[in-house]
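Trainee: The following block contains the structure, expressed as structure tokens.
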Amino acid sequence: LAAKKTTGVFKTSFISAVTNLILSLLLIPIIGALGASISTMMSFFIMWLIRYFDTKSIVNIRINAKKFILNLLVITLQILVLYFNLQVECELVSECILFIVLLLINVKLIAGIFNFCNSIINNKKKNR
């Protein structure tokens with residue numbers, strides 16, 4: 001969209017939809033609703049990958065691979081905690097700890113977002 005190339009958005013959405021359909025047809029009969037969630041996750045991941053490489057040719061995008069993989073690992077742990085139906089207290093404590101770990105991994109990014117939003121708010125206040 002940065003270069004007004006909306007055909008790329010259509011292409012990635014179409015590929016993602018076809019991927020989701022095929023994976024759903026394969027996985028739902030075998031593992032039920034979990035198959036639907038896995039096919040949706042995989043189709044969104046494929047769409048993200050295609051859009052990442054398409055957009056990279058227009059805009060400079062840098063991804064910290066270590067943080068990216070670490071985030072995926074923690075999110076995967078969160079999914080596993082939910083999947084194994086632990087006792088409610090154990091599940092709640094585990095999810096809270098993993099969420100705090102995600103916040104700590106991304107503290108600089110979160111601070112940058114807050115600073116950016118704060119500067120926008122301050123600029124609007126000055127322009128009144």
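The values are calculated or read from the model by the stated rules, or taken from the named source; none is laboratory data. Being a predicted model, the structure only gives us computed values, none of them experimental. Positions of Cβ are generated from backbone atoms using ideal geometry, with glycine treated the same way; all protein chains shown enter the neighbour counts. Keep in mind that these areas ignore ligands, DNA and RNA; they rest on the heavy atoms of the full protein, side chains included. Shrake-Rupley method; radii C 1.70, N 1.55, O 1.52, S 1.80 Å.
Trainee: Kindly rank 112-123, 43-54 from highest to lowest mean number of other beta carbons found within 10 Å of each residue.
Mentor: Descending mean neighbour count gives 43-54, 112-123.
Trainee: According to the square roots a ≥ b ≥ c of the eigenvalues of the Cα gyration tensor, what is the shape class of segment 16-83, taking rounded for a/c under 1.5, prolate for a/b larger than b/c otherwise, and oblate for the remainder?
Mentor: In terms of gyration-tensor shape, oblate.
Trainee: Could you go through segment 107-117 in sequence order and give the Karplus-derived ³J(HN,Hα) for each residue, using 6.51 cos²θ - 1.76 cosθ + 1.60 with θ = phi - 60°, rounded to whole Hz, and x for Gly and Pro?
Mentor: Per-residue couplings from phi come out as 4, 5, 5, 5, 4, x, 5, 4, 5, 4, 4 Hz.
Trainee: Ignoring ligands, DNA and RNA, what percent of the 1.4 Å accessible area of segment 1-88 is carbon and sulfur?
Mentor: Carbon-and-sulfur percentage of accessible area, whole number: 74.
Trainee: Subtract the Cα-Cα distance of residue 84 and residue 70 from 0.36 nm times their separation in residues, and report this length gain in nm to one decimal.
Mentor: Taking residue 84 through residue 70 to full extension adds about 2.9 nm, to one decimal.
Trainee: Compute the Cα gyration tensor for segment 44-91, then decide on rounded, prolate or oblate, letting a ≥ b ≥ c be the square roots of its eigenvalues: rounded whenever a/c is under 1.5, prolate when a/b is larger than b/c in the other cases, and oblate in all that remain.
Mentor: prolate
Trainee: Can you work out the base-10 log of I(q)/I(0) for the chain at q = 0.11, 0.16, 0.19 1/Å, using the Debye formula on its C-alpha atoms alone?
Mentor: -0.64, -1.10, -1.17
Trainee: Only helical DSSP H runs with n ≥ 4 go in: add -39500 (n - 2.57) per run for the chain, normalise by residue count and round the 222 nm mean residue ellipticity to 500 deg cm²/dmol.
Mentor: -29000 deg cm²/dmol
Trainee: With the other protein chains left in place, how much accessible area per residue, in square angstrom, belongs to the chain at a 1.4 angstrom probe?
Mentor: Accessible surface, normalised per residue, equals 79 Å².
Trainee: Okay, moving on. Is the shape of segment 57-128 rounded, prolate or oblate, going by the alpha carbon gyration tensor and its root eigenvalues a ≥ b ≥ c, with a/c under 1.5 for rounded and a/b larger than b/c for prolate?
Mentor: The shape class here is oblate.
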